[in-house]
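Engineer: I'd like to ask you about the structure that follows.
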Amino acid sequence: MNLPPALTSILERASLSLAVLLVAASNVGGATWAEDALMREAGYIVNCSFTEFAINHSAVQTTDDAYGAINVDRVYQVGPDWVNPGESAMAAIGLMAAARQLKVSGYSITTYDQVLNRFFQNWLLGHKQSVNTNASDANYGGIYSRVYYDSSGLWRSNDAPTTAVTGQMLAAMWKYYEYNVSISNSLTASNWLQQSWDVARTAGDFIRRMTNATYKLVRGNSSGNDLWISDSVMSVCGLRCLDQWALIAGKSKAFDYGALADTIVAGIQQLKDNGTRKNFFKYRSSSSGYSPTYGDSIDQLCFLPYEAEALDPADPFCRSISDWWTSGSGGINMTYPTADTNDWRYFGTHWHYYFSVRPENDYLYPGPGLQLAKVEWKYAQRTGDSVALDRARKRLQWAATTNYSRLWFGSTGSTEANVPNGIEDWRNSTNYSNAAATWQRFCDTSAYFIEAVLMVYYGVNTKYIPNSDVAIARQNTNAVVTWKGTGTLESATQVSGPWTSVTNSASPFPVVVGGQAKFFRLKN
């Protein structure tokens with residue numbers, strides 16, 4: 001079947017221990033298949049950036065309003081024509097994840113690091129064109145859902161902020177801290193938390209104001225009253241990040257970020273569809289008494305709580321979702337219904353099922369399939385479920401190989417607008433020759449591809465919440481440090497370091513309170 005190395009070996013050796021998940025691919029021309037895949041899709045995200053590092057960079061000036069922005073697709077003759085900060089945030093998270101692993105593997109990540117620097121420092125923090133800075137506006141602090149530029153990178157206008165995009169950007173901002181810590185840029189990491197705190201804090205305030213206390217869910221912005229799962233889930237992620245941010249940076253909390261996240265989680269739990277369609281309903285409709293509904297379609301939002309880890313993917317309902325998306329019910333099949341491994345549609349995944357007939361119902365998309373692969377891998381990692389792992393592997397296989405989707409430019413060697421790599425958006429299950437336009441290679445799909453490769457090949461989880469939850473609480477006259485997850489507890493007398501490992505530490509870890517300040521972190 002022309003499978004990339006290690007896709008087959010994982011199942012052959014699968015006991016699902018972490019050691020087995022760390023199966024290495026065979027060397028091909030000095031790089032493993034997985035390393036090559038990471039470099040290709042990290043490179044594609046670079047070519048979506050409005051920076052001097054993109055292939056089509058002739059129009060880019062460091063003084064441009066859009067300098068550092070990550071476009072939804074590759075930058076070409078019309079410049080940054082499609083800057084959606086939510087997709088940009090996902091692309092940045094994917095690029096950081098790829099860079100971190102490639103550095104471990106001995107590759108230079110200088111270009112990736114510079115693109116990330118331009119995105120976070122120049123575009124997000126310096127220009128703030130994605131941030132609603134109007135303190136008198138009801139959506140103050142939110143991140144705009146789209147920023148419009150002309151072909152030269154001059155700012156024109158914005159679309160309204162949403163809490164979903166705001167949560168995505170908060171997660172990316174926190175991940176930029178974790179990324180710098182992981183590549184030993186501790187000073188850059190601690191400075192970033194201080195420099196960007198005001199943007200993060202006001203973003204959190206925006207989420208709080210948009211939270212519906214009755215249904216414990218979050219509306220998108222001040223002009224809408226529907227309570228979408230996407231807004232709620234990404235708000236939880238942003239609030240989890242803010243909670244750790246305030247702790248590590250020594251900032252006062254405007255409100256209890258963790259408590260509000262817990263409240264919203266309770267509202268998300270109430271969106272579970274326990275009928276024959278095992279999914280989360282997409283929103284509560286304000287025009288229908290706030291009853292939960294799928295609206296006009298079922299799509300990838302229906303498993304977002306587990307993908308983003310707003311809810312624990314070890315929940316048995318997560319496996320129920322995987323089962324439904326694999327086998328379907330009532331004539332709905334989100335995974336193409338064939339057991340023939342020689343059929344190119346085998347384990348191809350639909351993005352939508354519209355309840356009224358639409359052409360998109362026939363399309364198979366790599367992006368949502370990769371997002372579902374992440375969910376299935378997360379469930380497998382926590383539970384040891386070999387069936388879920390097998391499904392994750394097959395969905396990645398469908399996206400990555402020429403025998404199946406043939407949509408990944410990394411496997412076909414195709415280019416468009418001088419730009420290689422990236423993943424075409426869809427192929428029609430009823431007509432193989434009918435596929436998305438070649439320019440429709442989106443940066444967030446590349447990020448999902450990177451994440452799936454890291455999971456299946458390296459056993460590396462990627463999250464939109466902090467990698468580990470560290471908390472410090474007073475216990476009588478002293479303190480205790482507790483944490484979730486794996487890693488090495490480190491301490492320092494100032495937030496900028498130097499950091500040293502705490503020997504023989506296990507959660508909960510008692511700390512004697514003295515006259516000198518002490519900071520703690522968990523290094524993964």
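Engineer: Order of 319, 208 from fewest to most other C-beta atoms within 10 Å? Walk me through the numbers before you get to the answer.
Structural biologist: Working: 319 21, 208 18.
Ordered by Cβ neighbours within 10 Å, fewest first: 208, 319.
Engineer: Measuring from a point 7 Å past the Cα of residue 184 along Cα-to-C-beta, which residues in region 87-114 have an amide N at less than 20 Å?
Structural biologist: Label zone hits: 96-114.
Engineer: Which value in deg cm²/dmol, rounded to the nearest 500, describes the helix-derived mean residue ellipticity at 222 nm for the chain, given -39,500 (n - 2.57) per DSSP H run of n ≥ 4 and division by the residue count?
Structural biologist: Details: 16 runs with 193 residues, N = 524.
Rounded to the nearest 500, the figure is -11500 deg cm²/dmol.
Engineer: Which pairs, out of 216/272; 253/463; 282/374; 251/518; 103/251, put more than 21 Å between their alpha-carbon atoms? Present the calculation step by step, with values, prior to reporting the outcome.
Structural biologist: On the way: 216/272 14 Å; 253/463 23 Å; 282/374 19 Å; 251/518 15 Å; 103/251 31 Å.
As for pairs spanning more than 21 Å Cα to Cα, those are 253/463; 103/251.
Engineer: Determine the shape class of the chain: with a ≥ b ≥ c the square roots of the Cα gyration tensor eigenvalues, call it rounded for a/c under 1.5, and otherwise prolate if a/b is greater than b/c, oblate otherwise.
Structural biologist: Numbers: a/c = 1.25, a/b = 1.24, b/c = 1.00.
In terms of gyration-tensor shape, rounded.
Engineer: Here's something else I'd like to know. Can you compute the charge dipole magnitude of the chain about its Cα centre, using +1 on each Lys and Arg Cβ and -1 on each Asp and Glu Cβ, nothing else charged? Give it in debye, rounded to the nearest 20. Display every interim value, and only then the final one.
Structural biologist: Details: 42 positive and 44 negative charges, 222 e Å.
For the chain, the charge dipole is close to 1060 debye.
Engineer: Students often check this: by mean Cβ neighbours within 10 Å, which of 509-515, 412-418 ranks highest, and how do the rest follow? Don't skip to the answer; put the middle values down first.
Structural biologist: Details: 509-515: 10.7, 412-418: 13.3.
My ranking of the peptides, most packed first, is 412-418, 509-515.
Engineer: With a cut-off of 8 Å between alpha carbons and a minimum separation of six or more residues, what is the relative contact order of the chain in percent? Can you show the working numbers first?
Structural biologist: Values: 1080 pairs, mean separation 79.8, N = 524.
Over the chain, the number comes to 15 percent.
Engineer: Would you list 102, 242, 396 from fewest to most Cβ contacts within 10 Å?
Structural biologist: Numbers: 102 18, 242 31, 396 27.
Fewest to most other Cβ atoms nearby, the residues stand as 102, 396, 242.
Engineer: Then there is this: Could I have the simple spin-label model distance between residue 114 and residue 431, label points 7 Å from Cα toward Cβ, reported in nm to one decimal?
Structural biologist: Each label point is offset 7 Å from its Cα along the Cβ direction, giving 4.5 nm.
Engineer: Next question. May I ask you to derive the FRET efficiency for residue 390 and residue 225 from their Cβ-Cβ distance with R0 = 51 Å, giving the value to the nearest 0.05? Please report the intermediate quantities before stating the final value.
Structural biologist: Values: r = 42 Å, r/R0 = 0.82.
Result of the calculation: an efficiency of 0.75.
Engineer: Fewest Cβ neighbours within 10 Å first, please rank 306, 140 accordingly. It would help to have the intermediate numbers written out before the result.
Structural biologist: On the way: 306 25, 140 18.
Ordered by Cβ neighbours within 10 Å, fewest first: 140, 306.
Engineer: State the extension gain, in nm to one decimal, for the chain segment bounded by residue 476 and residue 55, taking 0.36 nm per residue of separation less the distance between their alpha-carbons. All intermediate terms of the calculation are to be shown ahead of the outcome.
Structural biologist: On the way: separation 421, 0.36 × 421 = 151.56 nm, distance 5.97 nm.
My answer for the length gained is 145.6 nm.
Engineer: Between residue 291 and residue 503, what's the calculated FRET efficiency when r is the beta-carbon distance and R0 is 51 Å? Round to 0.05. Working shown, then result.
Structural biologist: On the way: r = 55 Å, r/R0 = 1.08.
It comes out at approximately 0.40.
Engineer: Excluding residue 410 itself, what net charge comes from residues whose Cβ is under 11 Å from its Cβ, given Lys and Arg +1 and Asp and Glu -1?
Structural biologist: Numbers: positive: 40, 441; negative: 36, 41.
Net charge around residue 410: 0.
Engineer: How far apart, in nm, are the 7 Å Cα→Cβ label points at residue 62 and residue 103?
Structural biologist: According to this spin-label approximation, the distance is 2.2 nm.
Engineer: Rounded to the nearest 0.05, what FRET efficiency do residue 157 and residue 356 give with R0 = 35 Å and r taken as the Cβ-Cβ distance? Could you check? Mind dumping the intermediate values first?
Structural biologist: Details: r = 33 Å, r/R0 = 0.93.
After rounding to 0.05, the efficiency reads 0.60.
Every number here is computed from the coordinates shown, using simple stated rules; none is lab data. Everything quoted here is computed from the prediction, not taken from an experiment. Quick reminder, even Gly has a Cβ in these numbers, built from the backbone with ideal geometry, and neighbours come from all protein chains shown.
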